[in-house]
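In what follows, a single structure is set out as structure tokens and then discussed.
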Amino acid sequence: MAVRVALPSPRGADSIRLDMIAHLASRVAAGRPDRGPRSSVMVLAPGAVLACLVLAPMPAAAEFGNIRRVFSGTAYTLEQGELAVGIFSPLQYGLLDRLTVSTHPILDLLLTPNVALRFKAVDRSRVAVGIGASYMQSFLSGPGRGVPGTVSAFPTVSLPFTDTVALSLQGGYTLDIDPVRHGVLYGANLGWLVGPADLLWVAVQGRYRFGPGAERPTVMVSYTHAWYQVRLSVGIAVGRFPTQVGAQATDILDFPVYPVIDVWWLL
């Protein structure tokens with residue numbers, strides 16, 4: 001039996017989406033027909049990329065400077081014209097100073113269209129409120145196997161206690177597309193600038209679906225170092241990460257721990 005293990009890189013950013021992504025990856029893999037080794041690779045690739053879809057915290061200057069410039073996983077947004085792109089991270093673009101749009105090009109190429117929007121509705125010195133919405137659906141399952149996907153909408157409230165420490169809270173509605181299931185998203189993260197170029201990030205996120213009940217929440221701890229226009233993030237995520245092991249599409253194992261690592265740029 002061939003063993004193929006993907007090591008996705010869930011990072012502390014749009015933390016509300018990690019459990020949705022892991023859940024969608026398992027449904028895509030479980031729903032595909034057995035097509036031998038080639039099918040195994042095709043299932044593994046989107047599963048790994050889906051689990052990498054959570055964005056890393058990304059500031060806009062040579063150093064972090066201010067916790068309000070950490071925009072992923074918070075209520076804050078990119079400035080107009082800013083573009084963020086990474087090895088595993090989705091592509092993000094500031095359409096306006098208060099509106100950021102993101103998509104993962106690799107997922108789009110793998111027949112999994114996805115898009116997310118975040119609008120900063122309130123921006124005060126001690127509180128910021130963002131409204132987020134996302135769509136993701138996979139067409140990899142094959143004829144008659146369904147097209148699993150997720151649509152969500154949720155607000156994010158960020159509370160900067162100082163210029164170096166902020167707490168963000170998220171919660172909202174989620175809809176599984178096929179089969180149709182309703183649910184609630186929840187999440188929280190704490191960012192701490194321990195130095196001008198060093199960020200510690202702790203996040204927890206989960207989901208409750210009406211009927212099946214609560215899913216296992218995910219906890220992530222990461223450290224990010226900033227160079228000019230370049231960010232490196234390392235850490236660990238604990239939760240549920242389905243990965244295909246073997247030649248058959250149904251050979252799925254739930255790994256409880258995954259490494260966190262990524263490099264990205266802000267242009």
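The values are calculated or read from the model by the stated rules, or taken from the named source; none is laboratory data. Note that the coordinates shown come from a computational prediction; the quantities given were computed from them, not determined experimentally. Neighbour counts are summed over all protein chains in view; Cβ atoms, including those assigned to glycine, are modelled from backbone coordinates with ideal geometry.
Scan segment 175-203 residue by residue and report those that are more than 19 Å from Val219 (Cβ to Cβ) and part of a strand (DSSP E or B).
Kept after step one, since they are more than 19 Å from Val219 (Cβ to Cβ), are these residues of segment 175-203: 175-183, 193-198.
Answer for segment 175-203, where residues must be more than 19 Å from Val219 (Cβ to Cβ) and part of a strand (DSSP E or B): Leu175, Asp176, Arg181, His182, Gly183, Leu193, Val194, Gly195, Asp198.
Could you please find all residues in segment 207-224 being over 16 Å from Val257 (Cβ atoms) and either out of contact with any Phe, Trp or Tyr (no Cβ under 6 Å at 6 or more places or on another chain) or not in a strand (DSSP E or B) (or both)?
Of segment 207-224, the ones over 16 Å from Val257 (Cβ atoms) are 207-215, 223-224.
Listed by number, the residues that qualify are Arg207, Tyr208, Arg209, Phe210, Gly211, Pro212, Gly213, Glu215, Tyr223, Thr224.
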**Item:** Residue list for segment 78-93, filter: modelled with pLDDT of 90 or more and not in a strand (DSSP E or B)
**Value:** Leu78, Glu79, Gln80, Gly81, Glu82
**Prompt:** Here are some conditions: (1) of a type outside the set (Lys, Arg); (2) without any contact (Cβ under 8 Å) to a residue 60 or more places away in the chain; (3) closer than 26 Å to Ser125 by Cα. Leu193 meets all but one. Which one does it not meet?
**Reply:** (2)
**Complete:** Flagged in segment 163-215 as acidic (Asp, Glu), under 30 Å from Gln137 (Cβ atoms) and either over 20 Å from the mean Cα position of the chain (by Cα) or at pLDDT 95 or above (or both), in numbering order, are Asp178
**Message:** Every residue in segment 105-132 that is surrounded by 18 or more Cβ atoms within 10 Å (Cβ to Cβ) and assigned to a loop (DSSP other than H, G, I, E, B), please.
**Reply:** Leu110, Thr112
**Request:** Taking only segment 75-97 into account, find how many residues are without any contact (Cβ under 8 Å) to a residue 60 or more places away in the chain and surrounded by 18 or more Cβ atoms within 10 Å (Cβ to Cβ).
**Result:** 5
**Asked** Among the residues of segment 153-165, how many are surrounded by fewer than 21 Cβ atoms within 10 Å (Cβ to Cβ), in a strand (DSSP E or B) and out of contact with any helix residue (DSSP H, G or I) (no Cβ under 7 Å at 6 or more places or on another chain)?
**Response** 4
**Asked** In segment 177-199, what count of residues is obtained for those that are within 20 Å of Gly239 (Cα to Cα), of a type outside the set (Gly, Ala, Ser) and buried (at least 18 other Cβ atoms within 10 Å of the Cβ)?
**Response** 3
**Item:** Members of segment 220-237 that are β-branched (Val, Ile, Thr), surrounded by fewer than 17 Cβ atoms within 10 Å (Cβ to Cβ) and at pLDDT 90 or above
**Value:** Val221, Val234, Ile236
**Message:** Given the criteria at pLDDT 90 or above, assigned to a strand (DSSP E or B), more than 16 Å from Val70 (Cβ to Cβ) and among the basic types (Lys, Arg), does Arg240 qualify?
**Reply:** no
